[in-house]
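A.B. asks: Below are the structure tokens for one structure; questions will follow.
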Amino acid sequence: MAKVTVKLFGVYRMDTHLAKAEIEAQKLDELLEILHTQIEQKAKSEGTAAQIKDLSFKDATIFINGERCRKRRQKLGDGDEIWILSPASGG
Amino acid sequence: MTDYQGYMGKVLFVDLSKQTYGEFPWTDKDRRRTLGGKVMAADILLHHITPEMKAFDEDNWLVITTGPLTGTGCPNTSRFNISTISPLTGILTSSNCGGDFGLALKRAGYDGAVITGKSETPVHLRITEKEVTFEDAGKLWGMTTGETQKNIHRTHGMLAIGPAGENKVLYACVFSGERTAGRGGVGAVFGDKKLKAVSAFGTKLPKIANREKLKELNVKWTKLLQTHPLTGRQLPRLGTAGLVSPMQAHSILATKNFSAGRYDDFEMISGEELAENHLVSNAACTTCVIRCARMCKVDDKVVKGPELETLGLLGANILNNDIEKIIRWNYEIDELGMDSISCAGSVAFAMELAEKGVHDFGVHFGETDNLSQMFRDIAYREGEGNYLADGSKRMSEQFGGEEYAIHAKGMELAAYEPRHAVGHGLGYATSNRGGCHLNAGYMVVVEGLGLEVDSLTPHGKAALAITFQNLMEAVSACGSCLFTSYAVLPGFLIDKPNMKATRAILTAFPYVGPVVNLLNHFTKIPQMNIPLVPHGYAVKYATGMRSTMASLLTWGTYGYNAERIANIILGQKADADKLPKRLTEELQDPNNPKTKVPLEQMKKVYYRARGWKKGIPTWHRLKSLGIDIDKSVYDEALARAWR
């Protein structure tokens, strides 16, 4: 298990009210599932339904240690930093 | 007068020296050729300028124009444009602005105003349906932009300058409400003419050629903008400030005077931080359905919050992670009446000159306590601020450091570091008004921020830059907000970046350049309107003029070429489309040889596709576009450009 830091940006962060999480996971897809569960639990405990539609983050733009990652089966390493950005950021 | 609807049919001509006014001749033929807005302004100036003319000459005209959609009720069409010879660059500048002035000018019965001469004393030009008056502005002189506007009739649409304009800071701007005609120093030209403010008031409205069809279109257009991922979700939720984080991710967040594309403390100056801890409310220009503006608090006042450019350039680019300071500085710079992009760019350059031991201007990377004072010194041209008031190009001519003076044609670059978005770099270099992201074609939106087209390949970038430059030129000419042009990017390509089909399309994008270039050159091909660009329909329904996608591209191409040849007449050299060496010769990432802007390679393709020879439209190209200037003027300008 790798202990990684996850940071959410853009509309994902605005919808989930979650900026950062520490998660243990081996691969990216596993991490996203854990994150999904954490967000749902947080929304339940706060009494706020998470407004986020794409909780599987399948449309997210993901960066691992600053590099764009498209592989959901990407293996994670201890201390990795994962950035999850919502699509559509022009302005 | 005009046979077209949508227009008011009159353009005002004002002479400040003589304090007289009349009508500027503008015919339906002119309207068909230029549509309005910045294209109209470019055409007016092209036929007025002479090679010797300078920004602070008495007969440098200020040309304020609206578009045919301004005041028609179409979404996001309160815009107006101010064009003139820029004191910062010496060539044409044009500033597209929101606020209330454009609408008010039309209601007073005018599509535009051409202002010449210089007043001997400060003047407030008041335009109403009945008359134009030259009111004493002695009491307003010295006031900030906000104070000035408070002291003018509240029912009027307004334009005002602050102390920076009065003191001819070369990047002083003009305010309409809290929106800004920001770039190129139009405020300094106002100040030089002692024109402190312009106000307009009236009750007229443009007639509409096909009201029912336009109403129907507006419903669909509003829906398109409000459901599009960029204009319906990202911009209303986070404003332009929401770009800080994706720019960091894509390595295009200008950091430490563009020496890097990432900033360790980016989260502290991000759109998310602004939204979560500083946002009071959203705000919008009149008729806007996007509502991207952010309102924040400074002391107890609710004021306009910083846009992305200010967050980036007064944050990462000077190594400042204090967002509260940026909010405050943004307000101070607005009140002083300066362009925050050029101001911040000049500060960053001064910081690097100090760091390299060339000259200490009293400002240093990471030190921010004295910056409020520096902004004031710039606006009043006091102490070291007097150097910074002239912009980074002139500073580099005096002190050195040309290779890291971050400007194009004398105008400081916006907050996007182009070594990781090379097409955007091409845009900066070829942009007619200088280092502007919008006039550049805003290529970062396809190179990572909206679509993920390979941002490091030069392939296809020339074609895309031309298309977006022309399209944005036309959208601006309509009187529309440039953000409405984003809807041209199909939503699914943005919303589904990981889908195989999206990836296949975006991978192929750079290789369709030759096809795109056919459209760029033969603009009359798409003789239809497309739903993603409703402007063509809107012009047709508002004015009764024949208007298709081909018309829009033709107007855009006309404008871009008219501006370019005007610049050549004003003395722009053939090799002016360039970037500082830092961006074209130094690698952003030493381990990746692609991380610099391959400008010369892209420029060759760009010029060929534009029908330009080394940056100058050929005589044949001008004739084919219907740009009518004297052959002798062209030949003389060409000879000077090559000299």
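Values quoted throughout were computed directly from the atomic coordinates according to the rules given, and no laboratory measurement underlies them. None of the values given here were measured: they were computed from a predicted structure. A quick note on method: Cβ atoms are made from the backbone with ideal geometry, for glycine too, and the neighbour counts reach across all protein chains shown.
A.B. asks: Please compute the alpha carbon radius of gyration of segment B:178-219, then divide it by the globular-protein estimate 2.2 N^0.38 Å. Two decimals is fine.
C.D. replies: In units of the 2.2 N^0.38 Å rule of thumb, it is 1.94.
A.B. asks: Filter the trypsin sites (Lys or Arg not before Pro) in segment B:465-529 to those in DSSP coil with at most 16 other Cβ atoms within 10 Å of their Cβ, and list the result.
C.D. replies: B:K524
A.B. asks: Continuing with this model, one more query. At a threshold of 8 angstrom on Cα-Cα distance, excluding pairs fewer than six apart, so keeping six or more, what relative contact order does chain B reach in percent?
C.D. replies: Once normalised by length, the contact order is 15 percent.
A.B. asks: Let me ask another. At a temperature of 4 °C and a viscosity of 1.567 mPa s, determine how fast segment A:1-46 diffuses translationally according to Stokes-Einstein, using the Kirkwood radius over alpha-carbon pairs as Rh; express D in µm²/s, rounded to the nearest whole number.
C.D. replies: D = 118 µm²/s.
A.B. asks: Would you please classify the overall shape of segment B:11-201 from the alpha carbon gyration tensor, given that a ≥ b ≥ c denote the square roots of the eigenvalues, rounded means a/c under 1.5, and beyond that prolate means a/b larger than b/c while oblate covers the rest?
C.D. replies: Rounded, because the longest to shortest axis ratio a/c is under 1.5.
A.B. asks: Right, something else. Can you pull a Stokes-Einstein diffusion coefficient for segment B:421-642 at 25 °C (0.890 mPa s), Rh from Kirkwood over Cα pairs, as a whole number of µm²/s?
C.D. replies: 135
A.B. asks: Taking the Cα of B:I530, stepping 7 Å toward and past its beta carbon, and measuring to each backbone N in segment B:467-489: which are under 16 Å?
C.D. replies: Only B:467-475, B:484-489 fall inside the zone, counting backbone N under 16 Å.
A.B. asks: A:K3: which lysines have alpha carbons under 27 Å from its alpha carbon, excluding same-chain residues fewer than 8 sequence positions away?
C.D. replies: A:K20, A:K27, A:K42, A:K44, A:K53, A:K58, A:K71, A:K75
A.B. asks: Right, next: Under 14 Å from the Cα of B:K581, which aspartates and glutamates turn up, not counting those fewer than eight places away in the same chain?
C.D. replies: Answer for B:K581, where 14 Å is the Cα cut-off: B:E402, B:E403, B:E417, B:E600, listed by chain and number.
A.B. asks: Express in nm, to one decimal, how much length is gained between B:K500 and B:L205 on full extension, taking 0.36 nm for each residue of separation and deducting their alpha carbon distance.
C.D. replies: Value of the extension gain: 101.3 nm.
A.B. asks: Could you tell me what % of all Cα pairs in chain B have separations over 46 Å?
C.D. replies: 8
A.B. asks: Can you give me the relative contact order of segment B:253-412 as a percent, contacts being Cα pairs under 8 Å and 6 or more apart?
C.D. replies: Answer for segment B:253-412 is 18 percent.
A.B. asks: Right, next: Tell me the relative contact order for segment B:167-287 as a rounded percent, counting alpha carbon contacts under 8 Å between residues six or more apart.
C.D. replies: For segment B:167-287, the relative contact order is 13 percent.
A.B. asks: Averaged over B:241-251, how many beta carbons belonging to a partner chain fall within 10 Å of each residue's beta carbon?
C.D. replies: If you average over the peptide's residues, the count of other-chain Cβ atoms is 6.
A.B. asks: Would you list B:T2, A:T48 from fewest to most Cβ contacts within 10 Å?
C.D. replies: A:T48, B:T2
A.B. asks: If R0 is 30 Å, what FRET efficiency do you get for B:H153 and B:S281 from their C-beta distance, rounded to 0.05?
C.D. replies: The value I calculate is 0.70.
A.B. asks: Taking each residue of A:5-11 in turn, how many C-beta atoms of other protein chains fall within 10 Å of its C-beta, and what is the average?
C.D. replies: For this peptide, the per-residue mean of nearby foreign Cβ atoms is 5.
A.B. asks: For the peptides B:110-117, B:55-62, B:23-30, what is the packing order when you average, over each peptide's residues, the other Cβ atoms within 10 Å and list the highest mean first?
C.D. replies: The densest-packed peptide leads the list: B:110-117, B:55-62, B:23-30.
A.B. asks: Name the lysines eligible as straight-distance cross-link partners of B:K623: C-alpha to C-alpha under 19 Å, and not fewer than 8 places from it in the same chain.
C.D. replies: B:K29, B:K524, B:K613, B:K614, B:K631
A.B. asks: Take every residue in peptide B:483-495, count the Cβ atoms of other chains within 10 Å of its Cβ, and give the average of those counts.
C.D. replies: Rounded to a whole number, the mean comes out at 2.
A.B. asks: Taking only DSSP H segments of four or more residues, each worth -39500 (n - 2.57), what value at 222 nm results for chain B once the sum is divided by all its residues, to the nearest 500 deg cm²/dmol?
C.D. replies: -11000 deg cm²/dmol
A.B. asks: A further question follows. If each Cα of segment B:253-412 is one equal point scatterer, what is log10 of I(q)/I(0) from the Debye formula at q = 0.09, 0.10 Å⁻¹?
C.D. replies: With one equal scatterer per Cα and no solvent, log10 I(q)/I(0) is -0.29, -0.35.
A.B. asks: Moving on. Which ordering of A:K7, B:K356 is given by a fewest-first count of other beta-carbon atoms within 10 Å?
C.D. replies: Listed from fewest to most nearby Cβ atoms, that is B:K356, A:K7.
A.B. asks: Next question, about the same structure. Based on the mean of other Cβ atoms within 10 Å per residue, sort peptides B:197-208, B:592-603 so the most packed one is first.
C.D. replies: Peptide ranking by packing, descending: B:197-208, B:592-603.
A.B. asks: How long are the semi-axes of the equivalent ellipsoid of segment A:2-85, defined as square roots of 5 times the Cα gyration tensor eigenvalues? Whole Å, largest first.
C.D. replies: Sorted largest first and rounded, they come to 21, 13, 11 Å.
A.B. asks: At 222 nm, what helix-only mean residue ellipticity would chain A give, in deg cm²/dmol to the nearest 500, using -39500 (n - 2.57) for each DSSP H run of four or more?
C.D. replies: Computed ellipticity for chain A at 222 nm equals -8000 deg cm²/dmol.
A.B. asks: OK, next. Rg to Rh ratio, the protein assembly as shown, alpha-carbon atoms and Kirkwood radius?
C.D. replies: Dividing the radius of gyration by the Kirkwood radius yields 0.95.
A.B. asks: Under 5 Å between amide H atoms, partner at least 5 residues away or on a different chain: which partners does B:K10 have, H built in plane at 1.01 Å?
C.D. replies: B:D111
A.B. asks: Next question. Starting from the Kirkwood radius over alpha-carbon pairs of segment B:27-132, derive D by Stokes-Einstein at 4 °C in a medium of 1.567 mPa s and give it in µm² s⁻¹.
C.D. replies: Rounded to a whole number, D works out at 89 µm²/s.
A.B. asks: Can you list which of the DSSP-assigned H helices in chain B have a Cα extent of 18 Å or more along the long axis and an average Kyte-Doolittle score of at least 0.5?
C.D. replies: B:340-355, B:461-478
A.B. asks: Gain in length, B:E129 to B:F56, computed as 0.36 nm per residue apart minus the alpha-carbon separation, to one decimal in nm?
C.D. replies: Taking B:E129 through B:F56 to full extension adds about 23.3 nm, to one decimal.
A.B. asks: Neighbour counts of other C-beta atoms within 10 Å: give me B:E324, B:E412 arranged from fewest to most.
C.D. replies: Arranged by neighbour count, lowest to highest, B:E324, B:E412 become B:E324, B:E412.
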